[in-house]
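Down below is the structure, laid out as structure tokens.
Nothing in this text is a laboratory measurement; each read-out follows from the coordinates by a stated rule. Keep in mind that what you see is a predicted model, and the values were worked out from it rather than measured. For neighbour counting, all protein chains shown are included, and Cβ atoms are generated from backbone atoms with ideal geometry for every residue, glycine included.
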Amino acid sequence: MILTIMKRTLLLLVAVILYGCDCIAQIPTQYVYLDTTCTAVIPDYEYLVVVRDNCDNPVLTQQPPPGTVITHTTTVTFIATDSYGNGVSTDFQVVVLDTIPPTIQLNENWTGYSDKEVGDMYRTFYGWVQLNNTEWNRLYAGQPQYIPEFDTTIINDTVRFFTNTILVPDYTRNEWWWGIAYLN
């Protein structure tokens, strides 16, 4: 019990000493968010510090000043100067955070796959089925056929449907076809 009281007293004494010497008076790292143009503005951090002097009210300046546009982590420095030219400074980091994710969209210049490209994709797919015949039959056992889902492509106001039919089980290993239906 006495040992616990002594530890708490010692901890309190160390905290008072460190606070009195300004050894722990450090400004923590600050964070600003990047906007849609990948820039951020340094705010006025004057509220984070208290400046005292024995003779007068010192002048406090922030470098870079509030309103400065930044794009990466920046060191901000506070400088306090009294009327006799005595000064002191402290600095801290302003870290920029980018929380805006990239976007993904379809390239508007893309016009779809050609008939040859679709045929090549289907042949590749069916080639996989043939190489993995046992697994294919196990996965789709009991189903009369498997028709993979493929998106339609619109080229020059013509809708093209691409179909691939594979029988299950695929014993013949060659009963597949791909075809194109043109609809207006």
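Going highest first, how would you order 102-108, 76-82, 121-127 by mean Cβ packing within 10 Å?
Numbers: 102-108: 5.3, 76-82: 17.0, 121-127: 14.9.
Most protected by this proxy first, the peptides run 76-82, 121-127, 102-108.
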Using 0.36 nm times the number of residues separating Asp91 and Asp35, minus their current alpha carbon distance, what extension gain do you get?
17.7 nm
Figure the gain on full extension for Tyr45 and Ser114 (residue separation times 0.36 nm, minus the Cα-Cα span) and round it to one decimal in nm.
18.9 nm
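Tell me, in nm to one decimal, what length is gained between Gln63 and Tyr84 on full extension, where the rule is 0.36 nm per residue of separation less the Cα-Cα distance? Walk me through the numbers on the way to the answer.
Details: separation 21, 0.36 × 21 = 7.56 nm, distance 2.10 nm.
Full extension from Gln63 to Tyr84 adds 5.5 nm.
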Read phi for every residue in region 62-69 and hand back ³J(HN,Hα) as whole Hz from Karplus 6.51 cos²θ - 1.76 cosθ + 1.60, θ = phi - 60°, with x for Gly and Pro.
10, 10, x, x, x, x, 5, 7
Distant-in-sequence amide H partners of Leu34 (H built 1.01 Å from N, under 5 Å):
Leu97, Asp98, Thr99
